[in-house]
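In what follows, a single structure is set out as structure tokens and then discussed.
The values are calculated or read from the model by the stated rules, or taken from the named source; none is laboratory data. The structure displayed is predicted, hence computed values, not measured ones. Cβ placement follows ideal geometry from the backbone for every residue including glycine, while neighbour counts extend to all protein chains displayed. Quick note on the areas: whole protein, heavy atoms, side chains included, nothing else; ligands and nucleic acids left out. Shrake-Rupley method; radii C 1.70, N 1.55, O 1.52, S 1.80 Å.
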Amino acid sequence: MGKPFEKELYKIEDTFQWAIKQDISELRSELLYNKLIPLFIVGSGGSLSACQYAAILFQQYGVMAKAVTPLELFYSKNALRNSNILFISASGKNTDILFAYKTAINLEPNRIYSLCMKRNSPLAKLATEISISKHYEFDIPS
């Protein structure tokens, strides 16, 4: 399992200060560039909450966005062709996320994006092998 939640709570102020200083302009531009293309935002566990929040934010920009689990993505195969897919993962090593990413590759989406809070993750390595993929990684203080 992940880190003890109590330790993360002690770092919440540092994490917040870190977050507001991050340059996300490229990520924002990439994701809003094709805003007429549906966006599936994939996450599991705690990352699913971030996906649900991201979907709300994208919908405010007029993007048809939906947060889904890796299993929901698997069962949405017919809807994924020509869509954009964003994977959000804290560590980039969850087997569900890696499986969903490999599934998505074979479904010919328009673009695949991944966002990870740990550098040099298995998700990052997978993303570098795919031409339609763009990976963003950060080192979160917590």
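Odds and ends about this structure:
- Every residue from region 45-68 that is of a type in the set (V, I, T) and more than 11 Å from the chain's Cα centre (by Cα): I56, V63
- Candidates are the residues of region 27-39 that are without any contact (Cβ under 8 Å) to a residue 60 or more places away in the chain and open to solvent by 40 Å² or more (accessible area, probe 1.4 Å); the one that is farthest from D139 (Cα to Cα) is L36.
- With respect to the conditions (1) open to solvent by less than 50 Å² (accessible area, probe 1.4 Å); (2) modelled with pLDDT under 85, V42 lacks only one, and its number is (2).
- Single residue of region 45-55 satisfying the filter (farther than 13 Å from I97 by Cα and aliphatic (A, V, I, L, M)) that is most open to solvent (accessible area, probe 1.4 Å): A50
- Test set (1) modelled with pLDDT under 95; (2) within 23 Å of S29 (Cβ to Cβ); (3) of a type in the set (A, V, I, L, M, F, W, C) - A67 fails condition number: (1)
- Annotation: N110 fulfils all but one of (1) without any contact (Cβ under 8 Å) to a residue 60 or more places away in the chain; (2) closer than 25 Å to S25 by Cβ; the unmet one is (1).
- Each residue in region 56-79 was checked for being surrounded by fewer than 20 Cβ atoms within 10 Å (Cβ to Cβ) and among the small types (G, A, S), and 3 pass.
- Complete set of residues in region 113-141 that are farther than 22 Å from A65 by Cβ, polar (S, T, N, Q) and open to solvent by less than 30 Å² (accessible area, probe 1.4 Å): S121
- Residue list for region 80-112, filter: open to solvent by 50 Å² or more (accessible area, probe 1.4 Å) and either more than 15 Å from the chain's Cα centre (by Cα) or hydroxyl-bearing (S, T, Y) (or both): R81, N82, T95, N106, E108, N110
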